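Worksheet: one structure, shown below.
The values are calculated or read from the model by the stated rules, or taken from the named source; none is laboratory data. On a predicted model such as this, the values are computed, not experimentally measured, just so you know. Cβ placement follows ideal geometry from the backbone for every residue including glycine, while neighbour counts extend to all protein chains displayed.
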Amino acid sequence: MNNDMGIFPEPAAVRVDPDAGSAPAPAGARARRPGVAAPLSEASRVAIEIRALIERGEMDEARQRFGELVTLHQRRASRIAYQYLRDSADADEAVQDAFVKVFLHLPSYREAWPFEVWFTRILINGCLDRRKARTRRDRWFVGGEPSSADEARLAAADATPDPERRLLARERRARLAAAIERLDGRQRTVFTLCHYGDCTPREVSAMTGLNESTVRVHLFRAARKLRGLLGGKP
């Protein structure tokens with residue numbers, strides 16, 4: 001597998017086909033011993049059960065069971081989408097669209113990929129599409145600052161009662177977001193998936209096609225560059 005998995009902002013995003021069949025093992029993945037199947041995650045197991053319901057035409061039950069996958073991944077998906085889009089409304093729509101697309105393409109899901117890897121690739125492709133559309137739109141409109149709704153949402157999420165501390169917390173978040181935007185494409189992707197998507201380097205390797213050791217190098221370099229951008233020791 002090459003490195004163009006459709007989730008790198010630079011130089012161009014290559015589309016990921018959700019209808020593709022079983023995929024080759026990701027770079028950096030350990031080979032399985034003959035006759036020994038890798039244990040399925042809870043999400044992968046549920047996805048396989050829903051796929052079987054769809055194949056039998058039991059759509060009502062399939063939709064009901066799909067709610068389990070939404071519950072398992074919605075919070076994590078929202079964190080990832082917001083880091084790409086920096087707008088709560090766009091992020092919510094991107095997550096909703098990703099779940100719809102996943103349900104529609106679930107009959108094509110194969111256990112060669114953990115469900116969370118497959119889902120995250122679809123989600124990030126959708127976020128990249130939205131970023132491109134917003135860039136085209138922003139050629140005609142001035143904007144890009146967080147909306148008042150975003151500010152209210154961040155303030156509500158901060159339980160600190162001291163207004164001064166809330167203000168400092170918002171400033172730190174804004175500085176970190178601006179610094180992350182200054183990372184190069186792969187460093188930004190790796191950092192976002194690890195720190196906001198709770199992904200391990202091995203999972204990021206599966207999503208991006210990068211060798212696991214390369215993922216760790218990008219993560220280290222991203223953290224070092226962020227420390228420098230934020231005024232710490234590089």
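Specify the residue that is surrounded by the most Cβ atoms within 10 Å (Cβ to Cβ); the eligible residues are those in segment 216-234 that are charged (D, E, K, R) and without any contact (Cβ under 8 Å) to a residue 24 or more places away in the chain.
Filtering first and then ranking leaves Arg216.
With respect to Arg79, determine if the residue is outside the structural domain of Thr192 (by TED's automatic domain parsing) and farther than 29 Å from Arg182 by Cβ.
Here the answer is no, as Arg79 does not meet what is asked.
I'm trying to understand the selection: among the residues of segment 99-129, which are acidic (Asp, Glu) and in contact with a Ser or Thr (Cβ under 9 Å, 6 or more places away or on another chain)?
Those that are acidic (Asp, Glu) and in contact with a Ser or Thr (Cβ under 9 Å, 6 or more places away or on another chain): Glu111, Glu116.
Residues checked against (1) buried (at least 20 other Cβ atoms within 10 Å of the Cβ); (2) among the charged types (D, E, K, R):
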{"position": "Ala174", "(1), (2)": "no, no"}
{"position": "Glu181", "(1), (2)": "no, yes"}
{"position": "Asp184", "(1), (2)": "no, yes"}
{"position": "Thr189", "(1), (2)": "yes, no"}
{"position": "Asp198", "(1), (2)": "no, yes"}
{"position": "Arg202", "(1), (2)": "no, yes"}
{"position": "Thr208", "(1), (2)": "yes, no"}
{"position": "Asn211", "(1), (2)": "no, no"}
{"position": "Thr214", "(1), (2)": "no, no"}
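With the condition kept exactly as written, say whether any residue in segment 80-91 is buried (at least 16 other Cβ atoms within 10 Å of the Cβ) and under 22 Å from Leu40 (Cα atoms).
No; the residues of segment 80-91 include none that is buried (at least 16 other Cβ atoms within 10 Å of the Cβ) and under 22 Å from Leu40 (Cα atoms).
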